[in-house]
Each structure stands twice: as C-alpha cells, then as structure tokens.
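Below: one structure, written as structure tokens.
Values in this text are rule-based calculations from the coordinates and carry no lab data. Since the model is a prediction, treat every value here as computed from it, not as a measurement. Positions of Cβ are generated from backbone atoms using ideal geometry, with glycine treated the same way; all protein chains shown enter the neighbour counts.
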Amino acid sequence: MSDRQNHPWTNPSQLTPSPSQGSNGTSTSSNSTYYSANSITPGINFTPTESIPSPLSSYSVRRESVSSSSYVSTQGSTQDAFDTSSSSITSSSLRSDNSSTPATDSHNHPIIIIVMGPTGAGKSNFIKVATGNDDVQVGHSLRSHTDDINVFKCQGPRGREFHFVDTPGFDDTYRHEGEILSRIASWLLQTYQDRRMLSGVLYLHNITDNRMTNTRLQNLDIFKKICGSDAYSSVCLVSTHWDEIQAPNVGTKKEDELRRNYWKVLIDKKAKNGRFDNTYSSAWTIIETLSLKPRLLQIQDEMGNKKRPLFKTKAGQGLYSWLDRAARLLRNTIEKLKMARRKLSSETNSGSDIVQQKLEEEVAKADTKLSDIVTQQNVLRTK
C-alpha cells in the first residue's frame, strides 16, 4: 500500500517539504532570467522576479527555473526547416467567442517544447541528451529529481533556438498531485498570457516498465486532459530506455501494447510516437516528427480564455476523480482492517496480540493516507 508506483495516492512519509529552489536575485546578465515557481492563483497576471546569471558554463545552453513571467526575447534566429513564421495559431476551435488567441510572430520567438511524463520516464535525461547540457540533473531511481519546472535553452541542429521545459510527474516524491498540476497549469497559463505558444509536447514512458500501473494511468489521463484532443497532433509519445532493452522483440511487444491499448486515442488524433535510445540523433529525430506549429492547449484555453479556475478544468476534475477513487479504496481497506481487528480481539489464540498490533498500525497508516487525500481534495477545490 505504500508503493507509489502501484497506487494513485500519495505516501505521506515521502512528502517531506522540499525547499524552494529559487529566490530573487540580482541582474548580472541579459542572457538569462530567473522565474519564480510559487503557487499562483490561476487567471491573474504575475510579476517577474529579477534576473540572475545563468548557472551554466556553456554559452549555447541556458537553464531557467520555472517561468511565471515573460520569456527573454531571442535574437538572431534564422529561418530553417523548423520555421513556423508562416503558420497561424491553430486554436480557433478552442477559443471562446469573446476571446482571442495572443498573436505571435513565431519566427522571432524560440520553439518551446514541454516534456511531461511520470517519474522515472527519463524526462530530464532526454533534455540533457538533446541539449548536450551535462548540468541537467538526472535521477537514477524512482525518486523524483525534478521538483519544479525548469527551462533549458539550446540551439537546434539548424540554428533555431529551442526551449525545453522539464516538468515533475504527478507521482512526484515530495509534492502532492494537486500542487504539481497547479504549478504546471500556472506555468502554461502565464506562458499563454505572455503571448508565447508551445510548439510541441513530448510525453515520455519508460519502455522497461513491466506493466501500466495506476500511477502511470493517472499521469497519462491528466496529461490528455491538459492537452485536449485538438492539440494531440502536436504531441509525440516517446518510449524511452531502449538502450536498456536486451531483447528488442520484448520492447517492440510492449510498444505495440502501448499503441493499441493506452495511446490509441491520441494516435487516432494524429499524435506521433517515437523511440529514444539515449542518443542525440534519436532525440532530434523525435523532435523533427512534430509540426512545431504554435498550439493552444486545452487547459490554457480553459483558464486563459474561459477564465475557469483550475478545479473547474477537465484536468482539475480528472485529478479530483482519481483522488476520490483512491479515497474510496482506502475507506474500504480501513473497514476491512477494523473488521479483522474486531474478530481477532474476540479470540484468545497465542500471538494474537502481535497481530492485533500490526492491524492497528495498518489502520493508522491508512487513516493518515486518507486524511492526506481529503486534504488534497479540499486544497484542489480552492484552486
């Protein structure tokens, strides 16, 4: 019951507070801007924090913590195969009648690609390989190493500037699912309000996973609700860790199952899929499958145009449903444990005291988890 990989609820013992990754700094460089990642009330404008120097030694790759404010304007972009300047923003079907999509001259702006997926899928590693940036922190366990939203910049193979957005999974080690969704939604909303449109969305899945757990299903379900079906054509579903597959036919079989059973809805709506084998060439082959046209995501339309609070979005409602399901399962488990405890208390078998104590401990753990979920639901209602 404490294994986060098998359950959609959070293990409170793993939720030690994570220190904030950012504080206001002083401007010493015009090439890098730091953005705060505070929990932001959706639907309002935000104020940028001050600039701090880039922590990277390489001049061609820059890292920025989560942007709750404007992007830095880019200079010297050259027209190439990735140029989207002639493309209109394909969001008319998502707009409300009394709203408009921010106009953008995409030729003068960087290509923004957000990378999402569960913990352990290899999001940070993909960005590290694609950008050639050794300073991207990569985890080698199920514990999340991305506890905030980070932007990494690089020049693409044809000279165009790319921004890769690294996000935590909803099975993050230190933060509640609602907080993760709030941070991602706030970042997407502010990016949209700042007239910066995403050009691609990558969803990563570890091909070595033996089965699709509840946590994986939850991640995928919330991801689909963040994007919305009209944006699926800007999505590439990426299976990772192919370099760890000893028998290629085993990986191919898993990939086929993903395409048939779990990714089918997205692929039917023109989402792409690709394999990442931990090489630079495979990373950019995946990126080149995307149209790289500016695209409005469903949650951006809901919060930015329709002015809905996070809880009223499809992603917010979807997460609430997952939490509600987890709460029902826990209540059922608690009742069964209590019944077993009552039955045992009427018996006088040798060793029953030890079993009774273990049952009481399990009830206490389940009660703590249930309380944690109820708290998450209450907080989510306020978003």
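Judged by the mean number of other Cβ atoms found within 10 Å, the most tightly packed of the peptides 371-377, 338-344, 361-367 leads the ranking 371-377, 361-367, 338-344. For Leu198, the residues 5 or more places off, or on other chains, whose built amide H falls under 5 Å of its own are Arg295. Overall, the range 162-243 carries a charge dipole of about 200 debye about its Cα centre when +1 sits on the Cβ of Lys and Arg and -1 on the Cβ of Asp and Glu, all other atoms neutral.
Close amide-amide hydrogen proximity is noted between Thr119 and Gly169, Phe170, Asp171, each under 5 Å apart and 5 or more residues distant or on a separate chain (H modeled in the peptide plane; Pro and chain starts excluded). About its Cα centre, the range 241-311 has a charge dipole of approximately 520 debye under the convention of +1 per Lys or Arg Cβ and -1 per Asp or Glu Cβ, with nothing else charged. Distance between the 7 Å Cα→Cβ label points at Lys264 and Ala340: 3.7 nm. Extending 7 Å from the Cα toward the beta-carbon at both Ser371 and Lys358 defines two label points whose distance is 2.5 nm.
DSSP loop GluC sites (Glu not before Pro) in the range 261-348 with at most 10 other Cβ atoms within 10 Å of their Cβ, which ones?
Here the GluC sites (Glu not before Pro) that fit, given the DSSP loop and packing criteria, are Glu347.
Rg over Rh for the range 155-290 works out to 0.96, using Cα positions for both radii and the Kirkwood form for Rh. Give the separation of the Cα centroids, the range 166-220 to the range 269-342, in Å. Value for the Cα centre distance between the two parts: 7 Å. Charge tally around Val115: other residues with Cβ under 13 Å, Lys/Arg +1 each, Asp/Glu -1 each, net +1. Maximal additional length on extending the Arg328-Thr208 stretch stands at 40.1 nm, based on 0.36 nm per residue less the C-alpha distance.
Between Lys253 and Gln317, what length comes free when the chain is fully extended (0.36 nm per residue of separation minus the Cα-Cα distance, one decimal in nm)?
My answer for the length gained is 19.7 nm.
With a cut-off of 18 Å on the backbone N, the residues of the range 254-271 near the modelled label site 7 Å out from Leu217 along Cα-Cβ are 257-266.
Hey, how much of the P(r) for the range 247-383 falls beyond 22 Å, as a percent of Cα pairs?
Tail of P(r) above 22 Å: 67 percent of Cα pairs.
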